[in-house]
Amino acid sequence: KGDNETSWAVLCTLAGRFFVMDWGGTLDGYGPETLELLTSKANEYKVSEVVYEENLGSGMFGEILGQYMRPKYACGITPYRAKGQKERRIIEKLEPVMRSHKIILNHQAALRDSSLENKAYSLQHQVSRITYDRGCLRYDDRIDCLAMAMDHLMSVAGVNSQKTVEEHR
């Protein structure tokens, strides 16, 4: 709630590359509009698993989302526990795949993201301005979501990002 977003990202992987099909955020918190948006995105992209951050509320969001989604779109709902300094964690998850050019953003989603009125909410804005300094971004919800999704996808896909970078070299 407030000026933080409930953010989402839809990722898939193929041939060692990571495709960010869609992303966004809402200021509705756990509200019905957010739950419906997440359910419709899961259905639109035929996702097999929804991963949510369980840190805040001890997994309450996952319970609420699961109860809302299951009758409309059945898929796995998995908690993710974020650990460590946020900025460092984000950079360590995203930098190897970005450096090795293994991440591809959907063009239409990027255009929508770049047209946001408040650029600080834009994923592209957050990616281009993140540093190791604590609090370097006013809003970091979308990049944090992307980093968590990337970390989870790499773990279930069996991708070692450091090995991928070394092979690319």
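The values are calculated or read from the model by the stated rules, or taken from the named source; none is laboratory data. Computed from a prediction, not measured in an experiment: that's the story for all the values here. Note: ideal-geometry Cβ built from the backbone for every residue, glycine included; neighbour counts use all protein chains shown. The accessibility values were calculated without ligands, DNA or RNA, using every heavy atom of the protein model including side chains. Shrake-Rupley method; radii C 1.70, N 1.55, O 1.52, S 1.80 Å.
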request  = Take the alpha carbon gyration tensor of segment 27-70, find the square roots of its eigenvalues, order them as a ≥ b ≥ c, and report rounded if a/c is under 1.5; if not, report prolate when a/b exceeds b/c, else oblate.
outcome  = oblate
task = Set the Förster radius R0 to 30 Å, insert the Cβ-Cβ distance between Ile64 and Ser155 as r into 1/(1 + (r/R0)^6), and round the FRET efficiency to 0.05.
result = 0.75
message = Apply the a/c threshold of 1.5 to the C-alpha gyration tensor of segment 1-79 and tell me whether it is rounded, prolate or oblate.
response = prolate
task = Would you kindly find the accessible area of Lys119, with a 1.4 Å probe and non-protein molecules such as ligands, DNA and RNA excluded, rounding to the nearest 10 Å²?
result = 90
Order of exposure, largest accessible area first, which applies to Phe18, Phe61 with probe 1.4 Å = Phe61, Phe18
ask   = What is the sum of charges around Ser40, taking Lys and Arg as +1, Asp and Glu as -1, for the other residues whose C-beta is under 15 Å from the C-beta of Ser40?
value = -1
message = Report the gain in length on full extension from Gln124 to Asn4: 0.36 nm times residue separation, minus Cα-Cα distance, nm rounded to one decimal.
response = 41.5 nm
note = Taking a probe of 1.4 Å and leaving out DNA, RNA and ligands, segment 105-145 shows per residue an accessible area in Å² of 59
